[in-house]
Amino acid sequence: MRNFITIEGCEGVGKTYQTSLLKQYCRENGFDVIFTREPGGSDIAEQIRKIILDANNKDMDDLCEAFLYAASRIQHLKDIVKPALEQGKVVICDRYVDSSYVYQGLGRGLGLNKIVKLNEIAVGEYMPEFTVFLDLSPEYAFKRKGGADQSDRMEAVGYDFHLKVYEGYKQLIAADPERFEVIDASGTKEQTQAKLREVLIRRGVLK
Ligand code: TYD
């Protein structure tokens with residue numbers, strides 16, 4: 001879908017920080033871009049996010065989790081993404097359907113096909129025009145961050161899980177290289193930000 005851009009990456013890659021810097025840059029330079037995130041991003045979707053990420057819900061079934069992410073996605077598309085795109089705006093979303101493919105499909109082991117099918121119902125034609133992948137291995141990311149946040153249910157699952165997620169992203173990129181813009185995120189914050197802006201300018205998003 002034209003003007004719909006998603007940003008993906010493993011835990012600790014600095015995705016949230018990079019997105020907030022980009023948002024500030026867009027605001028200062030008059031680029032009319034809507035920034036949003038998943039899971040959540042709108043009132044009802046944020047309520048679903050709380051259930052998903054609540055550390056007390058450790059008995060949540062993996063498939064239940066996958067449906068909740070998809071449910072949050074449906075609501076967020078309706079409330080935020082679709083109206084903005086219809087108004088001709090650019091939408092940049094911090095995580096989207098690729099997160100479900102790799103976290104639920106490959107990390108949790110539900111299988112990529114099942115998660116792709118489930119999400120076809122949720123997203124329909126709303127696949128991103130392109131997806132930026134901030135590339136940093138979990139080994140490096142966790143070292144840089146000083147360990148996982150145990151109060152976050154997804155971060156607390158352990159290193160092997162995050163390695164599967166990272167390898168999952170690599171698998172998606174290999175299968176659909178046209179859709180992905182891979183950015184090496186191992187340098188300084190400023191270097192990563194410069195690369196991110198360069199991609200968005202080259203792709204005609206910031207104009
Ligand atoms: P968040 O605190 O926003 O993490 P991050 O800053 O890494 O994006 O929490 C989102 C968590 O939800 C993150 O661990 C990835 C996970 N997630 C999925 O497992 N499946 C999904 O479909 C989405 C959108 C996120």
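Rule-based calculations on the coordinates, nothing more; no lab input. Owing to the predicted nature of the structure, the values given are computational and were not obtained by experimental measurement. Heads up, the Cβs are rebuilt from the backbone with ideal geometry, glycines too, and the neighbour counts pull from every protein chain shown.
For this structure, a couple of remarks:
- Estimated FRET transfer efficiency (K189, K143; beta-carbon r; R0 22 Å; 0.05): 0.85
- Charge dipole of the chain about the Cα centre (unit charges at C-beta), most positive-ward option of A175, F161, N3: N3
- Stokes-Einstein translational diffusion, the chain - Kirkwood Rh over all Cα pairs, 1.002 mPa s, 20 °C, in µm²/s: 124
- FRET efficiency estimate (nearest 0.05) - Cβ-Cβ, C64 to A175, R0 25 angstrom: 0.40
- Against the empirical curve 2.2 N^0.38 Å, the C-alpha radius of gyration of region 83-134 lands at a ratio of 1.27.
- Residues of type aspartates and glutamates that K143 reaches as a straight line, Cα spacing below 16 Å, ignoring anything fewer than 8 places off in the same chain: E11, D135, E155, D160
- In this simple spin-label model, placing a label point 7 Å from the Cα along the Cα-to-Cβ direction at both K50 and N29 gives a separation of 3.7 nm.
- Relative contact order of the chain, defined on C-alpha pairs under 8 angstrom at six or more residues apart (%): 32
- Net charge contributed by nearby residues that have their C-beta within less than 13 Å of L110 (K/R +1, D/E -1): +1
- Net charge of neighbours whose Cβ lies under 15 Å from the Cβ of Q47, counting Lys and Arg as +1 and Asp and Glu as -1: 0
- Label zone of R202 (point 7 Å out along Cα→Cβ, amide N under 20 Å): in region 95-134 this covers 128-134.
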